[in-house]
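Data first, discussion second: the structure below is written as structure tokens.
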Amino acid sequence: MEVDEQSGPGGSSQIFCLRWIKREAAKPVPDKILLSNDELKQAIEDGSAIKQESESDQSDASEPESENLNKPTEEYDDLKEFDLDNYDNEEADGNDLGLSSLVVFASNDDDPYIVSNKDVSDESENEMLENEALKLNQDDNLLVCGRCERDCSLLEIHVYNQKTHDFYMHHDIPLSSAPLCMEWLDFDAGAEDENYDKGNFIAIGNINSVIEVWDIDVLNTIEPAFTLGVKMKKQRKMKSLPSCHTEAIMDLSWNPLSRHNLASSSADQTVALWDLRVGTQSRVFRGHREKVQSIEWRPNDTTCLLSGACDGRVIALDMREEKKPTGKWKVDSEIERLAWNPDDTSYFAASTDSGSIYYCDLRKPRAPLYIWQAHEKAIPSLTISSGLLYSASSDGLLKTWRLQEESAVEVMEKDLKMGMVHCFHTNPDVTGMLAIGGEKGGVRLWNASSYEEISKYLGDDDVTEESGCDATIKKEVNGIEARSVKKNKTNSETFSKSRGPKLAQPKSKKLKKRHLNSKRKQMRALLYNS
């Protein structure tokens with residue numbers, strides 16, 4: 001059974017990029033930002049100053065028209081009760097602009113507008129529930145999604161647990177502009193000790209030519225941990241421009257073996273290598289003639305990077321030096337996405353905007369091994385896992401292919417019914433579990449190993465085992481709301497679309513631990529509903 005989430009009228013909410021985070025990469029309990037009284041007063045004063053400046057600018061701009069507005073006419077007789085002549089002289093209502101409208105006191109005891117009763121323990125109980133709801137288990141995966149609404153953009157962090165089937169939004173982060181791509185990395189550029197420089201960060205590439213790096217382990221944050229590059233508006237005012245991208249960031253790729261290196265591609269036709277230790281570009285490659293849409297580090301390699309652009313060329317770059325590429329391949333249309341074969345890293349696949357897929361050998365430049373027409377429209381999402389290639393297209397279809405020596409054979413086709421598919425990513429800890437984002441329907445999980453057509457090509461070790469329930473219980477779940485399709489004797493949990501899971505008391509002591517873990521979702525539902 002399929003559950004769709006219509007987010008906004010006419011599919012105004014879209015998911016353009018998403019990324020799984022492996023287990024135990026995040027802190028069990030995230031940090032919270034709490035401002036001191038001095039910092040809070042300073043933020044309010046800054047916000048008031050900004051508001052006064054904006055009001056003065058508006059008053060100066062409206063002076064020429066003030067005489068005409070003050071002339072009495074019969075048309076305004078019906079509006080006397082609103083006293084529009086003195087509208088600008090009314091006292092401020094306290095809704096300051098900027099940071100001051102977002103800050104709160106660290107404790108309700110410090111807030112003069114809240115009368116607290118210390119004899120009542122409701123506040124402490126709610127705080128305990130909130131801390132328990134935010135706590136992560138060792139077997140939890142995080143899923144980060146870039147959601148774009150009509151009037152805002154958000155970074156949503158979801159939690160997924162394979163055993164308990166929990167899938168819910170943990171917290172979100174407001175973004176200044178629409179995210180075009182993202183990449184996870186664990187290198188903490190601000191760590192004081194080099195031996196303890198691991199963190200949990202998401203790098204976001206946006207249309208303003210800037211890479212924002214956000215700390216996922218921090219709640220209530222309104223600014224990124226650090227940024228790479230300069231916004232395009234500021235570039236026009238700068239006399240000497242530092243080494244940075246000048247147009248939108250199209251793709252990002254982090255190297256886990258060389259953790260301080262982050263590669264980026266841009267619409268300015270360049271590929272850059274960033275040194276996160278100093279926050280600057282260490283290499284810049286200019287081998288393409290159109291915007292570079294996709295880049296991918298070769299698995300288990302610190303030197304080879306693939307880049308694909310709208311000029312129809314795929315280039316294998318040696319990131320050690322700015323010299324001639326080690327290989328080039330020419331295709332008949334624009335490159336959309338690149339994907340390495342993790343089982344044999346000498347091979348990779350490239351998808352195009354015409355719906356074709358090219359399978360190539362790194363050792364044999366110029367000509368691909370074979371080509372096939374996979375979709376009718378562009379293929380923005382592509383990945384290879386366990387000998388199977390997954391492709392998602394703007395035609396709304398998700399297809400699975402079996403790679404052979406001379407051709408690819410279609411294994412399965414799925415109509416996702418979510419409009420154009422923009423992105424998907426495979427879970428690093430659960431084989432066959434894909435997170436999918438598109439034009440509508442929010443974010444969706446799809447368990448490929450639950451289908452017999454696919455599972456027969458996977459080994460016994462690769463097939464996902466559902467603990468305590470039928471393996472087909474959760475083929476698909478919606479991003480925010482989830483419910484199970486089936487249940488058996490050992491699993492008494494059922495999902496409600498509006499109020500989360502309703503859990504029956506376990507009859508066996510063996511199920512007690514699982515029952516307690518699943519209660520986390522109930523507590524979160526109560527917190528959000530309240």
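The values are calculated or read from the model by the stated rules, or taken from the named source; none is laboratory data. Treat the numbers as computed from the prediction; the structure is a model and nothing was measured. Cβ atoms come from the backbone with ideal geometry, glycine included; neighbour counts cover every protein chain shown. When the accessible area is computed, the model is the full protein with side chains, heavy atoms only, and any ligands, DNA or RNA have been set aside. Shrake-Rupley method; radii C 1.70, N 1.55, O 1.52, S 1.80 Å.
Six or more apart or on different chains, Cβ atoms under 6 Å: show the pairs whose first residue is in the range 285-297 and without any contact (Cβ under 8 Å) to a residue 60 or more places away in the chain and whose second is open to solvent by less than 30 Å² (accessible area, probe 1.4 Å) and assigned to a loop (DSSP other than H, G, I, E, B).
Note: pairs meeting the criteria are Arg286/Thr270; His288/Asp311; Arg289/Asp311; Glu290/Cys310; Glu290/Asp311; Lys291/Ala267; Lys291/Cys310; Trp297/Asn255.
Filter the range 112-140 down to the residues that are surrounded by fewer than 13 Cβ atoms within 10 Å (Cβ to Cβ) and either among the hydroxyl-bearing types (Ser, Thr, Tyr) or touching a helix residue (DSSP H, G or I) at 6+ places or on another chain (Cβ under 6 Å) (or both), then identify the one that is modelled with the highest pLDDT.
The extreme case among them is Ser124.
Give the number of residues within the range 197-216 that are open to solvent by less than 40 Å² (accessible area, probe 1.4 Å), of a type in the set (Val, Ile, Thr), closer than 15 Å to Leu252 by Cα and part of a loop (DSSP other than H, G, I, E, B).
1
Residue check, Gln138 against (1) in a loop (DSSP other than H, G, I, E, B); (2) closer than 19 Å to Ala203 by Cα, all met but one. Which one?
Answer for Gln138: the failing condition is (2).
State whether one or more residues within the range 223-232 are touching a strand residue (DSSP E or B) at 6+ places or on another chain (Cβ under 6 Å), in a loop (DSSP other than H, G, I, E, B) and within 24 Å of Trp20 (Cβ to Cβ).
yes
Given the options Ile315, Ile295, name the one that is buried (at least 21 other Cβ atoms within 10 Å of the Cβ), aliphatic (A, V, I, L, M) and either at positive phi or under 24 Å from the mean Cα position of the chain (by Cα) (or both).
After ruling out the rest, the residue left standing is Ile295.
What about Asp353, is it more than 28 Å from the chain's Cα centre (by Cα) and acidic (Asp, Glu)?
The answer is no for Asp353.
Have a look at Ser381, Ser386 and point out the one that is among the small types (Gly, Ala, Ser) and touching a strand residue (DSSP E or B) at 6+ places or on another chain (Cβ under 8 Å).
Residue meeting the stated conditions: Ser381.
Could you check His158 against (1) at pLDDT 95 or above; (2) in contact with a helix residue (DSSP H, G or I) (Cβ under 9 Å, 6 or more places away or on another chain); (3) not polar (S, T, N, Q) and say which number it fails?
Condition (2) is where His158 drops out.
Which of (1) more than 16 Å from the chain's Cα centre (by Cα); (2) open to solvent by 60 Å² or more (accessible area, probe 1.4 Å); (3) under 19 Å from Ala263 (Cα atoms) does Phe226 not meet, given it meets every other one?
Phe226 satisfies every listed condition except (2).
Looking at Gly355, Gly387 in this structure, which one is at positive phi and open to solvent by 10 Å² or more (accessible area, probe 1.4 Å)?
Gly387 is the lone residue from the list that is at positive phi and open to solvent by 10 Å² or more (accessible area, probe 1.4 Å).
Every residue in the range 432-441 that is on the phi > 0 side of the Ramachandran plot and either aromatic (Phe, Trp, Tyr) or surrounded by fewer than 24 Cβ atoms within 10 Å (Cβ to Cβ) (or both), please.
Across the range 432-441, the qualifying residue is only Gly432.
Within the range 148-188, how many residues are within 19 Å of Gly441 (Cα to Cα), open to solvent by 30 Å² or more (accessible area, probe 1.4 Å) and either acidic (Asp, Glu) or touching a Ser or Thr at 6+ places or on another chain (Cβ under 8 Å) (or both)?
Within the range 148-188, residues that are within 19 Å of Gly441 (Cα to Cα), open to solvent by 30 Å² or more (accessible area, probe 1.4 Å) and either acidic (Asp, Glu) or touching a Ser or Thr at 6+ places or on another chain (Cβ under 8 Å) (or both) number 5.
Do you know which of the residues in the range 318-336 that are at pLDDT 95 or above and farther than 21 Å from Glu406 by Cα is nearest to the chain's Cα centre (by Cα)?
Checking each candidate, the answer is Glu336.
Thr302 fails exactly one of the following numbered conditions: (1) buried (at least 17 other Cβ atoms within 10 Å of the Cβ); (2) in a loop (DSSP other than H, G, I, E, B); (3) of a type in the set (Val, Ile, Thr). What is the number of that condition?
Unmet condition: (1).
Could you check, for the range 406-428, whether at least one of its residues is of a type in the set (Asp, Glu) and within 19 Å of the chain's Cα centre (by Cα)?
no
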